[in-house]
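Q: Quick one: this structure, given as structure tokens, is what I'll be asking you about.
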Amino acid sequence: MERKSVVITGGSRGIGRACALLFAQRGYNVLLGYNKNKAAAEQTLAAVSSCGVKCAAFCADISKKDEARRLISKAMFEFGRVDVLVNNAGIARAAIMTDVTESDFTELFATNVGGAFFVSQAAIPEMINQGSGKIINISSMWGQVGASCETLYSSTKAALIGLTKAMAKELAPSGINVNCVAPGVIDTEMNACYDEETMEDLREKTPLSRLGTPEDVARAVYFLASDQADFITGEVLAVNGGFVI
Ligand code: NDP
């Protein structure tokens, strides 16, 4: 049987890397997208390739529409199909609202929302041709409840939840499920800007008393991509250790 394939944006590091490894371990061919960190992408590529599946890493700045769309062309070229798309790439910026610049605003929306929008736009016709597909958008608990000093980031992540629900309605008749994972505090480089004390505080505020791991999120993503979730669409799955209930 032909292997399924998954496209993971931001697959070089953190949550995207854990997703790439899990899908590869379950037999998927993997296209991992990255932006600047070629060394990390190559490391992940080597780890994924050792699972015995086809894998390619592709540099594309998904904040630019044409580059975002090229990720899907590359996946079609490499594997001939796209069964699962994980819109994971994202950036954060902590600042009080009055300090947010217009260029921060443009960059965060172009990356976090525009990236998911335009990569999906390119993947949808392929999934429609195949008669099935799973799209998983990575939002954040801050998109659900808002975070002080992260108004911009929270807005982009809330937009992804709206996008997920609208896409789910529009694409259900084509056999495409669209869901969202909303992680809590996950131990990745994205949080490297926070000092030990802040991370400890976040851990204490998490009812399950630990930070999440990239693998915690990857397992939820894999579930939503699997046939176990065939009747789930438009859902937001929280992976936050109880931080937001
Ligand atoms: P990391 O900072 O560890 O990794 C970010 C990934 O996104 C990298 O692969 C990076 O590529 C890629 N990326 C960033 N900008 C672009 C761009 N313009 N074009 C293409 N790729 C890009 O982040 P995490 O793994 O922590 O986060 C992954 C997702 O999960 C994000 O959407 C984030 O908002 C979300 N999230 C994370 C949480 C956390 O606590 N960590 C909590 C809630 C949600 P490169 O390596 O080339 O820089």
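Q: Report the full-extension gain for the segment residue 2 to residue 151: residue separation times 0.36 nm, less the Cα-Cα distance, to one decimal in nm.
A: So the extension gain works out to 49.2 nm.
Q: Report the gain in length on full extension from residue 232 to residue 36: 0.36 nm times residue separation, minus Cα-Cα distance, nm rounded to one decimal. All intermediate terms of the calculation are to be shown ahead of the outcome.
A: Values: separation 196, 0.36 × 196 = 70.56 nm, distance 3.43 nm.
Answer, rounded to one decimal: 67.1 nm.
Q: Next up: For the range 81-192, just run the numbers: alpha carbon Rg, then divide by 2.2 N^0.38 Å, N being how many residues it has.
A: 1.12
Q: Long-range amide H contacts for residue 240: which residues qualify at under 5 Å (H placed 1.01 Å from N, peptide plane, sequence gap of 5 or more or a different chain)?
A: Counting only residues 5 or more places away or on other chains, the set is 184.
Q: Oh, and also: Test of understanding: express the Cα radius of gyration of the chain as a ratio to 2.2 N^0.38 Å, with N the residue count.
A: Numbers: Rg = 16.9 Å, N = 245, 2.2 N^0.38 = 17.8 Å.
Normalised Cα radius of gyration, the chain: 0.95.
Q: If you don't mind, there's one more thing I want to ask. Taking the dipole about the Cα centre of the range 147-198, with the C-beta of Lys and Arg at +1 and of Asp and Glu at -1, give me whichever of 181, 152, 171 is farthest to the positive side.
A: 171
Q: Taking the Cα centre of the chain as origin, sum charge times position over the Cβ atoms of Lys and Arg (+1) and Asp and Glu (-1), and report the length of that vector in debye to the nearest 20.
A: Dipole size: approximately 880 debye.
Q: Okay, next question. Quickly work out the residue 174-to-residue 26 label distance, labels modelled 7 Å from Cα along the C-beta direction, and quote it in nm with one decimal.
A: Between residue 26 and residue 174, the simple spin-label model gives 2.3 nm.
Q: With a 1.4 Å probe and every protein chain left in place, tell me how much accessible area residue 233 has, in Å² to the nearest 10.
A: Accessible area of residue 233: about 60 Å².
Q: So if I place +1 on the C-beta of Lys and Arg and -1 on the C-beta of Asp and Glu, and nothing else carries charge, what would the dipole magnitude of the range 1-110 be about its Cα centre? I want it in debye, nearest 20. Numbers along the way, then the final one.
A: Values: 15 positive and 11 negative charges, 97 e Å.
So the dipole magnitude of the range 1-110 works out to roughly 460 debye.
Q: OK, next. I'd like the accessible area for residue 219, computed on protein heavy atoms only with a 1.4 Å probe and all protein chains in place. Round to 10 Å², please.
A: About 130 Å², rounded to the nearest 10.
Q: Highest mean first, what order results for 23-33, 186-196 on Cβ atoms within 10 Å? Intermediate values should be presented prior to the final figure.
A: Working: 23-33: 23.8, 186-196: 13.4.
Ranked by mean Cβ neighbours within 10 Å, highest first: 23-33, 186-196.
Q: Continuing with the same structure: Full extension from residue 199 to residue 104: what is 0.36 nm times the residue separation minus their Cα-Cα distance, to one decimal in nm?
A: Going from the current span to full extension adds 31.8 nm.
Q: Let me spell out the model: positive unit charges on the Cβ of Lys and Arg, negative unit charges on the Cβ of Asp and Glu, origin at the Cα centre of the range 56-126. What dipole size does that give, in debye rounded to 20?
A: The calculated dipole for the range 56-126 is roughly 240 debye.
Q: Pop out the ³J(HN,Hα) list for the range 39-49 in order, Karplus 6.51 cos²θ - 1.76 cosθ + 1.60 with θ = phi - 60°, rounded to Hz; leave Gly and Pro as x.
A: Once θ is set to phi - 60°, the couplings for the range 39-49 become 4, 5, 4, 5, 4, 5, 4, 5, 5, 5, 4 Hz.
Q: With a 1.4 Å probe and all protein chains left in place, how much of the accessible area of the chain comes from carbon and sulfur atoms, in whole percent? Intermediate results must be reported in sequence, preceding the final value.
A: Working: 6040 of 11550 Å².
In the chain, the share of accessible area belonging to carbon and sulfur is 52 percent.
Q: With only alpha-carbon atoms counted, please give the Rg and Dmax of the range 1-94, in Å.
A: Taking only Cα atoms of the range 1-94, I get Rg and Dmax of 12.2, 47 Å.
Q: A follow-up question, please. May I ask you to give the solvent-accessible area per residue for the chain, in square angstrom, as obtained with a 1.4 angstrom probe?
A: Roughly 47 Å² per residue, with all protein chains present.
The values are calculated or read from the model by the stated rules, or taken from the named source; none is laboratory data. Predicted, not measured: the structure shown is a model, and the values here were computed from it. Methodologically, a virtual Cβ is constructed for each residue, glycine included, from the backbone with ideal geometry; neighbour enumeration extends over all protein chains shown. Accessible surface is based on the protein model in full, side chains and every heavy atom, while ligands, DNA and RNA are left aside. Shrake-Rupley method; radii C 1.70, N 1.55, O 1.52, S 1.80 Å.
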